[in-house]
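See structure below.
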Amino acid sequence: MRVKGAKTARQAAHWLRSRWGQQVMLLGYHRVANVDHDPYSVVVRPSRFAEQMAVLRREAHPISLAKAYEGLQTGNLPQRAVVVTFDDGYTDVLSQARPLLAQYEIPATTFVVAGCLGQELWWDELARIILSPVALPDRLQLNINGRLHTWSIFDPQRERDLLRKQAPTPRYRLLLMLYQALLAQPEARLSVMAELHTWSLVGPINYDLSETGNVMSPSQLADLIGDGLVEVGAHTVTHAALASLATEVQAEEIRQSKSMLEEITRRPVTSFSYPHGSMTTVTQKLVQEAGYTLACASYNGLARRGSNPFYLPRFWPTDWDGETFARWLRRWLHG
Ligand SMILES: [Zn+2]
């Protein structure tokens, strides 16, 4: 008996299967932690991350980035192939994410800012000062690259009222404004940070490396990669927005981060991720010339056979619960 449309359905199913054997979904995370503030929207709570990894194990086929690269070259990828990556190399990848990756047998790659090992990244330091629970002076004056800026905003009662209404407080707005200003003007960062420390009286971080959001130290990196489940990739030396730099400075950031991390891990570092997703075609070429085999970018999409290996897309799951994550994943996995 011939059922009308059955052939079309079979063809469609075959097309979907073959399509899935040719593509892979790369996921990008930053932090897995319980925190009071997440001003940059980069934190997934450990309980939520656990739910997301359980969904991946159940509904997808988690593979390593190296396997994904190989599969993209040969066209031989498992159906519903997914790769987990982390940017920046925060300590909570070791303390929070890694045990869950091990529990669900999910390989991952962590892209590490090689020049900041064991240190706090500048935007986290900025957030820690501006969102500090201590009372801040009610007036802030900053010299940013020769221009004087003044804010008079720290009315504690007003802050409390806004927080109650869950409205963005002046501190939050100031934080995001300073973040954008210092992102665009990296040469002003050191002096502005020094001014902010003096102004706020918020001191350097109390280093408890297992609990804070620092970049991993060399010994923590060694712990992370011990059994081979998690690999290390490079993410420049200083977390530079590469597209804005001179070619030779870009080349140095790209080459040096590779050699620094290879020295620490004693393993080849063959993958790279562009900080802030910032790159040009020249940057991609420099990454290739430095000896990497692939590089992850920040735009959304699926990597397919024939995709440029130095411009691989990624998706960025947020603090979704397992059900929300599963619904989102299925839309991509099943078309
Ligand atoms: Zn980054």
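Would you mind telling me which numbered condition in (1) hydroxyl-bearing (Ser, Thr, Tyr); (2) surrounded by fewer than 23 Cβ atoms within 10 Å (Cβ to Cβ); (3) in contact (Cβ under 8 Å) with a residue 24 or more places away in the chain TYR90 fails?
(2)
Of all residues being part of a loop (DSSP other than H, G, I, E, B) and within 12 Å of the ligand (Cβ to nearest atom) in region 271-296, which is surrounded by the most Cβ atoms within 10 Å (Cβ to Cβ)? Just the residue, please.
So the residue we want is TYR274.
Residues that are within 20 Å of ALA222 (Cβ to Cβ): list the strands (runs of 3 or more DSSP E) wholly contained in region 39-147 that include at least 2 such residues.
Correct list: 81-88, 108-112.
What do you reckon, is GLY75 surrounded by fewer than 21 Cβ atoms within 10 Å (Cβ to Cβ) and at pLDDT 95 or above?
Working: surrounded by fewer than 21 Cβ atoms within 10 Å (Cβ to Cβ): yes; at pLDDT 95 or above: no.
In short, no.
What is the number of the single condition among (1) of a type in the set (Asp, Glu); (2) at pLDDT below 90; (3) outside any helix (DSSP H, G or I) that ASP227 does not meet?
Among (1) of a type in the set (Asp, Glu); (2) at pLDDT below 90; (3) outside any helix (DSSP H, G or I), ASP227 violates only (2).
So which residues in region 24-50 are more than 16 Å from the ligand (Cβ to nearest atom) and surrounded by 20 or more Cβ atoms within 10 Å (Cβ to Cβ)?
Once the filter is applied, which keeps residues that are more than 16 Å from the ligand (Cβ to nearest atom) and surrounded by 20 or more Cβ atoms within 10 Å (Cβ to Cβ), region 24-50 yields VAL24, MET25, PHE49.
Taking region 237-270, which residues are assigned to a loop (DSSP other than H, G, I, E, B) and within 18 Å of ASP87 (Cβ to Cβ)?
VAL237, THR238, HIS239, ALA240, ALA241, VAL269, THR270
Among what's in region 51-62 and is within 19 Å of the chain's Cα centre (by Cα) and within 17 Å of ARG331 (Cβ to Cβ), pick the residue that is surrounded by the most Cβ atoms within 10 Å (Cβ to Cβ).
GLN52
The values are calculated or read from the model by the stated rules, or taken from the named source; none is laboratory data. Everything quoted here is computed from the prediction, not taken from an experiment. Neighbour counts are summed over all protein chains in view; Cβ atoms, including those assigned to glycine, are modelled from backbone coordinates with ideal geometry.
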